[in-house]
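Read the figures in this text as sums done on the coordinates, not as results from a lab. This structure is a prediction, so every number in the text was calculated from the model and none was measured. Neighbour counts are summed over all protein chains in view; Cβ atoms, including those assigned to glycine, are modelled from backbone coordinates with ideal geometry.
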Amino acid sequence: MSKLFLMFFGGRKNPVWVGYVFITVALIILPFLVEASMGRTWVRILDFALIYAMLALGLNIVVGFAGLLDLGYIAFYAVGAYTWALLASPQFGLHLPFWAIIPIGFVVAGIFGVLLGAPTLRLRGDYLAIVTLGFGEIVRIFLNNLDHPINITNGPVGINLIDPIQIAGVSLTKSHEILGLEFSGAHSYYYVLLFLLLATVFVCIRLENSRLGRAWVAIREDETAAQAMGINTRNVKLLAFAMGASFGGIAGGMFASFQGFVSPESFILLESIMVLCMVVLGGMGNIWGVILGTFLLAILPEVLRDVSGPIQENVLGRVWLDPESLRMVLFGLALILVMLLRPSGLWPKR
Amino acid sequence: MNLLRLNNFKVAYGGIKAVKGVSLSVDFGEVVALIGSNGAGKTSLLKAICGLVDYQGQIEFKGENINKLRCDQLAKLGLSMVPEGRGVFTRLTVEENLLMGAFLVNDKKDIAKNKENMFRMFPRLEERRAQIAGTLSGGEQQMLAIGRSLMGRPDLLLLDEPSMGLAPLMVEKIFEVINQISSSKVTILLVEQNAKLALEYASRGYVMNNGEITLEGPSGILLNDSSVRKAYLGE
């Protein structure tokens, strides 16, 4: 196996670019392979995994790099999603193009990040976690209740008919045929999301190796010592909240436009915990670990849904336990096992 | 001119007065020891000087009023603290710790040169440059913390109990290092419980008791003072 890996990625006769070409081709044909082998639903699951990966990378800035435990991170995802929903749906009759909404969502979510960060600057650890948890709930409850006295968010009903991304007048959610291949909405979004994820990864790598990245690490390790090194901990922490939130905002916008529908119940506490699990299980602070964790946690519940029924039938003769509840039990068990066996994540920083 | 000057300096935690009107000064190039028993207010005083806790009173550094400046702003002015309990970045390597100390230095060549200086001063750290700081011994961590502070090229180094929890042999070594730093024109304010050693290496000393300075003067005189001998040297 390692020999095969070396042949592709490190062998002397095959330069590094062979590896890159191989990865690029694999990523390009992946949705078609997935569709052919497992059906179109799985392309959608893949798309959601990409959105979650962006979200987890954003949270990784706050939790992994800067060490600030945020239990309300899904609020920024919600802010991004609703920003998109309000600017491109019949709700207010606005239909802004995607290239205008993405930067707006980035900035609005970033502002919310600072709003959360500013009052919590002096808090650490558990106390910070509790306040962020409250913040996440406040945002969700606001979204749930902002249908009166003026109707902004449509309350619990949510916002429907959100515009998809349109490139040169072509909607990405419709099916297109190019070169004899059928590109469904899920396929088209796959490439957009893949591009955004790669951009996010690039920015994260640059951030990690920057002065700011080192300042975050110093704060994570010892805030007082960081200050003694001359790091303005207030600004650096606010920047962590803002940057993390901005990534969450973009992911949220993508979610809204891909689904075509948002409602407050997509942004419950469990979602925050789920994203946090992705970061922690993959390996806090390690970009590749976080992506690995995200894909496992986004895909595992779906796999368990598909297999836990048939396996029971084959092994036990009939379905004893409802696959829907069983899959969450197995999922929880998997989390516990990973944390017991690899306490610093599947792919830790070192 | 004094490098650091405190006048009627007070620190209180709620109603509890930890430092009750202290005046002291440190001149360029000096090593000044601040000694006193547990709970005398030494660490509170040091933390307040660094802007880590709130205080009242006047404080001047290099002749300028530095009231209400934050710790990171003071670091930019050249006032660096080695915190009590060392506070190294435990999950970073020795080398990364040192580089973090040079956060405010932009000149890469200067950083590299200074790092080599640190490795010359602390050969032990060079041997362990790629090791995670949390796995170092207490004495090595203390050396790393001092080296990290020096990477920022401070004018005044505040050392909070550098000998705390170290083996006697290591304590001697740390004080030799302090001597070495002092000869490279860095001024040092040293807070210590090990009064004898601190006064042997310092030029002047202040004795702190119950939040107040009760005695001050050249080290030689303090070392021979009967009340100091009785209270801190166990005679």
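Taking 7 Å steps out from each Cα toward its Cβ at A:Arg234 and A:Ala334 produces label points 4.5 nm apart. Note on A:Leu341/A:Trp288: beta-carbon distance plugged into 1/(1 + (r/R0)^6) with R0 of 25 Å gives a FRET efficiency of 0.85. Treating each Cα of segment A:165-308 as one equal point scatterer and applying the Debye formula with no solvent, the log10 of I(q)/I(0) at q = 0.16 Å⁻¹ comes out as -1.07. Relative contact order, whole percent, for chain B stands at 28, derived from Cα pairs under 8 Å and 6 or more residues apart. Summary of the geometry: segment A:262-329 and segment B:136-191, compared by the centres of their Cα atoms, lie 51 Å apart.
Extension gain, B:Glu200 to B:Val105: 0.36 nm times the residue separation minus the Cα-Cα distance gives 30.8 nm. For the residue pairs B:Lys62/B:Lys185; A:Lys349/B:Lys47; B:Lys47/B:Lys173, the alpha carbons lie more than 22 Å apart in A:Lys349/B:Lys47; B:Lys47/B:Lys173.
Counts of other chain beta carbons within 10 angstrom of each beta carbon in peptide A:85-96 average 0. Mean per-residue shielding of peptide A:207-219 is 2, counting Cβ atoms of other chains within 10 Å of each Cβ. Computed over segment A:32-158, the convex hull of the alpha-carbon atoms projects to a mean area of 10.2 nm².
The value for segment B:1-116 of Rg(Cα) / (2.2 N^0.38 Å) is 1.20.
Remark: mean inter-chain Cβ contacts per residue of B:100-113 equal 2, using a 10 Å Cβ-Cβ cutoff to other protein chain atoms. If you take all C-alpha pairs in segment A:40-269, what percent of them are over 21 Å apart? The proportion of pairs with Cα distances above 21 Å equals 56 percent. Both the radius of gyration and Dmax for segment B:122-235 are 15.4, 49 Å, in that order, over alpha-carbon atoms.
Of the trypsin sites (Lys or Arg not before Pro) found in segment B:131-235, those that fall in a DSSP loop while having at most 13 other beta-carbon atoms within 10 Å are B:Lys185. Extension gain for the segment A:Ile167 to A:Ile205, taken as residue separation times 0.36 nm less the Cα-Cα distance, is 10.8 nm to one decimal.
Hey, with R₀ at 45 Å, roughly what FRET efficiency would B:Thr135 and A:Trp320 work out to, going by the Cβ-Cβ distance, to 0.05? Result of the calculation: an efficiency of 0.35. In terms of overall dimensions, the C-alpha atoms belonging to segment A:153-221 reach 51, 42, 19 Å along their principal axes, ordered largest to smallest. Coupling constants for segment B:7-21 follow from the phi torsions by the Karplus curve (6.51 cos²θ - 1.76 cosθ + 1.60, θ = phi - 60°), and in residue order they are 9, 6, 8, 10, 10, 9, 9, x, x, 8, 8, 8, 10, 10, x Hz; glycine and proline get x.
Each Cα pair under 8 Å and six or more residues apart adds its sequence gap; the mean of these over the residue count of chain A is a relative contact order of 28 percent.
Rounded to the nearest 10 degrees, the inclination of helix B:138-151 to the longest alpha-carbon principal axis of chain B is 80 degrees.
Taken over the alpha carbons of segment A:230-284 as equal point scatterers, the Debye sum produces base-10 log I(q)/I(0) values at 0.23 Å⁻¹ of -1.05.
Size descriptor for segment A:62-107, Kirkwood hydrodynamic radius: 11.9 Å (Cα pairs only, one decimal). When only alpha carbons of segment A:19-102 are considered, Rg and Dmax amount to 17.1, 48 Å. Full extension of the chain segment joining A:Val131 with A:Leu146 gains 3.2 nm, where the gain is 0.36 nm per residue of separation less the Cα-Cα distance. Entry note: segment A:260-350 has Rg to Rh equal to 1.06, where both radii use alpha-carbon atoms and Rh is the Kirkwood radius.
Per-residue Karplus couplings for segment A:115-120, computed as 6.51 cos²θ - 1.76 cosθ + 1.60 with θ equal to phi - 60°, are listed in order as 4, 6, x, 4, x, 9 Hz, Gly and Pro entered as x. Placing R0 at 60 angstrom, the Cβ-Cβ distance between A:Val114 and B:Ala167 gives a FRET efficiency of 0.80 after rounding to 0.05.
Residues whose amide H falls under 5 Å from that of B:Arg204, counting only those 5 or more places apart or on a different chain, are B:Val31, B:Ala33, B:Ser219, with hydrogens built in the peptide plane.
For chain B, report the convex hull volume of the alpha-carbon atoms normalised per residue, in Å³, without decimals.
With only Cα atoms used, chain B gives 120 Å³ per residue.
Restricting the calculation to Cα atoms, the protein assembly as shown shows an Rg/Rh of 1.08 when the hydrodynamic-style radius is the Kirkwood one. For segment B:1-87, applying the loop criterion from DSSP together with a ceiling of 14 other beta carbons within 10 Å to the trypsin sites (Lys or Arg not before Pro) yields B:Lys68.
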